[in-house]
Each structure stands twice: as C-alpha cells, then as structure tokens.
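Below: the structure, in structure tokens.
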Amino acid sequence: MNAVSAISKDQLGRYGIWSPGLRSEDPERRGELADTAAQLEDLGYGALWLGSSPAPSHAAPLLEATSLIAVGTSIQSIWQYEAAESAAGFAELEQAHPGRFLLGLGVSHAKLADQYRRPYSSLVAYLDALDAAGVPAGRRLLAALGPKTLQLSADRAAGAIPYLVTPQHTAQAREILGDGPLLAPELKVVLETDPARARALAREALALYLTLPNYTNNFLRLGFTESDLADGGSDRLIDAVFAWGDESRVRGRVDAFLEAGADHVALQLVDDGPRDGLPREGWTRLAEILA
C-alpha cells in the first residue's frame, strides 16, 4: 500500500449521517444505497457512518456512488472480523477511493459477543495487528466511552466516535483527547415537536441500550441515577441523549455538542419507520435545519 493520508477534520465537516440502513449485504439494494449516498453528499453531509457492525466492504457501494464524502464503520466489532480481514478490506477501499474510508472500531458488548473478554486488552491487540498489516492510526477511530479508551483513541487512532453520549461527555472526552484528535460523537434526532410522542419514539430506540452495561455505566459516570435508567429512561435522560422538538431546539441540541468540543456530529434519525430504513425526506429536512 502506498503512503496513506490521515483523515482531515475539514474533510468530514461538522455533520454526518449515522444509519444501519446504509449497510446492506443484499446486492439488489446496491442501487438504492448508491442513490441515497449521492443525495446525502449533495445535501452537504461530510460523512456517512455505517451502523450494525459493518465490514469495510459495506462501504464500497457508497464510495463508488460519490466523489468526496467520507464513509466510516460505526461501529465494527473487533469480535466479528479478524484484524487481517479488516486490513485487507481497508487496503482494497484505499486503492479504489484514496483518503475516503475510515475504520471505526469498538469492543461491542458481552451480551452481543460470545467471545467477549478483556475488552481493553483485546482492542490494544487488535490495533497492534492493524499496525503490522499497514492500516495507519490516522485512518482508524475508536468507539470510546471511558477515560482509558478515550486516551487510547488519542494515542493509537485518529480520534474517537463515542456513541449514545451527552454534551457533558463530549466536553470530558475533549479534555482527555486534547485539541488534535478527531471527536465525532453520535447523536439521535427525533423530528417531532409533541413531547409525548417524541419521547415515546426515543424510548423505543433506547430500550436495547438500557440493557447494555457499557452504556448504563457511562450514564452513571455522567451523574445519572438508577431511577433515570428505569422504565425506558427518565425525561432527563431522554432529553440529554436525543435532539427532539422544533427546528430551533434540534439545532440547539446539535450545536451543544459542537460547543462542548465535538469536531463533527454523526446524526442518527429516529422515526417510526424500520431501524434499517432510509428516511431520505427526514435527512433532507435535517440538512435544511443545519444549513
């Protein structure tokens, strides 16, 4: 592999789209994914983040259909793909689309990975293997929540892509990372002004995560209580980790992450459609709000 450039914060811009719907193994969906990626690039988003533990190969149809937008895995489980497989996929995409693919990695959860063990040490070993295979630190990102993994994101990667966090966490993460590394938290957005309906949609989306200790422990570190985590999440918790409401309120919540130190915010639209859907009208509206 020729010399590989590190990712630039300017290249990513301030906003990207996070979606499990952008990841598909169905060849019949390639055309739909390509059209969607081209539309999102035209709308001005700087990056597309593929949910549901994608492999590098899942980025190919999106990169092929666009010319500038970055595409990243968010978040590829280190338990699901061997480092050699990830490195080979990275090399193939770098050859075809230089400078545009980001390898976002995470340790997933004990509930979701049977082989889960010593997550931090296993992540370090995975990064060692990527080093040996030639995947540069400047093109990989870590799904870091706690202080140790955030520091690892600064030392062994281009930065961090924290998932399901608050502006408070973003401020703490920026202090740990320092000014240089990329900080690109994910934020869920509900384009709904009715409080009861907005929070109901949010609680439905949050339900799985409240069963995963990696997230609940992080909430407790941030000052939430066990009562905030009960019954689908308190209003206080919902309002901290979701942006909902009218255009001004949504924009304000996104801006809060940027003001706290985020370089880029990966926006996940939450609605009443399937989680792996492609809510193109909603993404268009969100682009208008952020313009």
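General remarks:
- The requirement of being touching a helix residue (DSSP H, G or I) at 6+ places or on another chain (Cβ under 8 Å), surrounded by fewer than 16 Cβ atoms within 10 Å (Cβ to Cβ), of a type in the set (Gly, Ala, Ser) and under 17 Å from LEU102 (Cβ atoms) is not satisfied by GLY159.
- Single residue of segment 1-32 satisfying the filter (in contact (Cβ under 8 Å) with a residue 60 or more places away in the chain and in a helix (DSSP H, G or I)) that is surrounded by the most Cβ atoms within 10 Å (Cβ to Cβ): LEU22
- Residues being of a type outside the set (A, V, I, L, M), under 21 Å from THR170 (Cβ atoms) and free of Cβ contacts under 8 Å to residues at least 24 places away in the same chain - total across segment 226-238: 3
- When restricted to residues that are surrounded by fewer than 20 Cβ atoms within 10 Å (Cβ to Cβ) and out of contact with any Asp or Glu (no Cβ under 7 Å at 6 or more places or on another chain), segment 184-204 contains 7.
- Matching entry among THR193, THR284, THR225 (being of a type in the set (Ser, Thr, Tyr), in contact with a strand residue (DSSP E or B) (Cβ under 9 Å, 6 or more places away or on another chain) and at pLDDT 95 or above): THR193
- Wholly enclosed helices (runs of 4 or more DSSP H) of segment 172-291 bearing at least 2 residues out of contact with any helix residue (DSSP H, G or I) (no Cβ under 6 Å at 6 or more places or on another chain) and closer than 21 Å to SER74 by Cβ: 195-206, 213-221, 235-241, 247-259, 280-290
- When segment 138-172 is filtered for residues that are without any contact (Cβ under 8 Å) to a residue 60 or more places away in the chain, over 24 Å from ARG251 (Cβ atoms) and more than 16 Å from the chain's Cα centre (by Cα), the ones remaining, listed by number, are PRO147, LYS148, GLN151, LEU152, ALA154, ASP155, ARG156.
- Filtered by the rule that a residue be over 23 Å from GLY146 (Cβ atoms) and of a type in the set (Lys, Arg), segment 227-256 gives ARG249, ARG251, ARG253.
- Per the conditions (1) touching a Phe, Trp or Tyr at 6+ places or on another chain (Cβ under 8 Å); (2) within 21 Å of ALA143 (Cα to Cα); (3) among the hydrophobic types (A, V, I, L, M, F, W, C), the sole criterion not satisfied by ALA87 is (1).
- Scanning segment 210-226 for residues that are over 11 Å from GLY146 (Cα atoms) and of a type in the set (Ser, Thr, Tyr) returns THR211, THR216, THR225.
- In segment 33-45, residue nearest to GLY277 (Cα to Cα) [restricted to those that are without any contact (Cβ under 8 Å) to a residue 40 or more places away in the chain and touching a strand residue (DSSP E or B) at 6+ places or on another chain (Cβ under 9 Å)]: ALA37
- Close pairs (8 angstrom Cβ cut-off, 6 or more residues apart or separate chains): under 22 Å from PRO162 (Cα atoms) in segment 268-284, assigned to a loop (DSSP other than H, G, I, E, B) and aromatic (Phe, Trp, Tyr) anywhere: TRP283/TYR45
- Here VAL241, VAL254, VAL270 are screened, and the one residue that is touching an Asp or Glu at 6+ places or on another chain (Cβ under 9 Å) and under 30 Å from GLN11 (Cα atoms) is VAL270.
The values are calculated or read from the model by the stated rules, or taken from the named source; none is laboratory data. Treat the numbers as computed from the prediction; the structure is a model and nothing was measured. Methodologically, a virtual Cβ is constructed for each residue, glycine included, from the backbone with ideal geometry; neighbour enumeration extends over all protein chains shown.
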